[in-house]
């Protein structure tokens, strides 16, 4: 067995009064499903596995989706999907989608007027007009939360790198409440995202007060899966309890 980085996570997690699940784990060359199961056991938690559907990924048809779910059913993991593009569900039957434990989606891939996509996690982006970007970004978020068949909204309040230092200025209470209220209306859980350290404690406090549920996620493709230091810190600071946490519907 390889050495585990930052293993004390499970000790910290034991200070919370609910089971810990990292719902945002990607299998990769560096993290097989078997290795993910091993890590989850060592860290006294459970993992949710997600893959991207769509024409640029390996899950493109109902047959692909069924094969993916059948494979994961052999393991003690939650079975999820992470679509990237709007209208992703048109390629799959609703009955098959409903057999997933959950669908998780972020707003990091924004459609552009020229037909292209702005991928806001890329470090080589330079977005000149912050106000114009935020109008486009908020419209994209609102559309996802209003229309897409999802259970978890991942990486809420994430910002491109050249705006990140203005987080508290950009994420006004009005903008935060727009996200929170739409999520609450459709019972969409909000992810506390480990690798990008969002959302803020203020956001989580507002969302908790509104009765929105939460998940933890690392977005890991390696042995960082389950290292939930920021998530646990925020959960403890905001007094999150089991009733505040997402649980997949039983299929």
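Quick notes on this one:
- Here the spin labels are modelled as points 7 Å beyond Cα on the Cα-Cβ line, and at residue 174 and residue 96 they lie 4.4 nm apart.
- Pairs of alpha carbons in segment 1-148 whose separation is greater than 23 Å (percent): 49 percent
- Cβ crowding within 10 Å ranks 92, 18, 126 as 126, 18, 92, fewest other Cβ atoms first.
- Kirkwood analysis of the Cα pair distances in segment 9-244 returns a hydrodynamic radius of 18.3 Å.
- Rounded to the nearest 0.05, the FRET efficiency derived from the C-beta distance between residue 147 and residue 205 at R0 = 35 Å is 0.80.
- Taking all pairs of distinct alpha-carbon atoms in segment 136-251, Kirkwood radius in angstrom: 14.6 Å
- Segment 194-249: projected area of the alpha-carbon convex hull, averaged over directions, in nm²: 4.2 nm²
Coordinate-derived values only; no laboratory data. A quick note: this is a predicted structure, and the numbers were derived from the prediction, not measured. Cβ atoms come from the backbone with ideal geometry, glycine included; neighbour counts cover every protein chain shown.
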